[in-house]
Amino acid sequence: MHTLENILSFNRQFVEEKQYEQYLTDRFPDKKLAIVTCMDTRLTELLPKALNLRNGDAKMIKSAGGIVTQPFGNIMRSVLVAVYELGAHEVLVIGHYECGMTGLNADTVVGHMLEKGIPQETLETLEHAGINLNRWLRGFDSVQDSVERSVGIIRNHPLLPPNTPVHGLIIDPTTGRLDLVTDGNEYLANK
Ligand code: ZN
């Protein structure tokens, strides 16, 4: 069977057997957290378990690398919606070791696009339209720097409510150990 068929057939059973009951909650996070983190598949179950988070505890905002690159981009908008509309009072940016975005080379990604049949002209058209693929596809050199930069963008955002703690952490994708990069409460106290 194909993946989608497997998913749909499992899903029918899941709903019929009311397996969802153990996860029932509402859309407001119980621990009032918004978490910006990476889409890495090793973190799917490990991260919530390692932080003692259950369904309903946190808004998870995921992307490649868990990076906030633009103050008015999609990730930052999700953070603000979590804070203003969904009751999050605290923000965690959690990068991880061995991230696929570490050392990601835009030229390599573009090379793979060409291999998969995207015509060179398409890339040129985009460049002419002002889309800088090199910048857009760039990863980061150090996860520590990346977490600090993302935390900086959120903390300095003109629309973030003052006194919102924004913490930066790095998780080990094997053991789940957290390393603190920057403590949002300390930052607010020294501001
Ligand atoms: Zn990652």
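None of the figures in this text is laboratory data; all of them are computed from the coordinates on show. In this text, all values refer to a predicted model and were calculated from it rather than measured experimentally. Here Cβ is always computed from backbone atoms with ideal geometry, including for glycine, and neighbour counts include all displayed protein chains.
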(message) Taking every DSSP beta bridge with both residues inside the chain, roughly what % is antiparallel (nearest 5)?
(response) 20
(message) I want to check the label-to-label distance for LEU114 and GLU98. Put each point 7 Å from Cα in the C-beta direction and report it in nm to one decimal.
(response) 3.2
(message) So if I take the centroid of the Cα atoms in the stretch 37-91 and the same for the stretch 141-161, what is the distance between those two points in Å?
(response) 14
(request) Using a Förster distance of 30 angstrom, determine the FRET efficiency expected from the C-beta separation of LEU159 and GLU127, and round it to 0.05. (result) 0.40
(message) Run the simple label-point estimate for SER142 and THR41 please: 7 Å along Cα→C-beta, distance reported in nm.
(response) 3.1
(request) Lys and Arg at +1, Asp and Glu at -1: add these up for the other residues within a Cβ distance under 11 Å of ASP57 and post the number. (result) +3
(request) Take LYS49, LYS31, LYS116 and order them by how many other Cβ atoms sit within 10 Å, fewest up front. (result) LYS116, LYS49, LYS31
(message) Using a 7 Å offset from the Cα along the Cα-to-Cβ direction at both LEU178 and TYR23, what is the distance between the two label points in nm, to one decimal?
(response) 2.2
(request) Would you calculate a helix-derived [θ] at 222 nm for the chain, using -39,500 (n - 2.57) for each DSSP H run of n ≥ 4 and dividing by the full residue count, to the nearest 500? (result) -11500 deg cm²/dmol
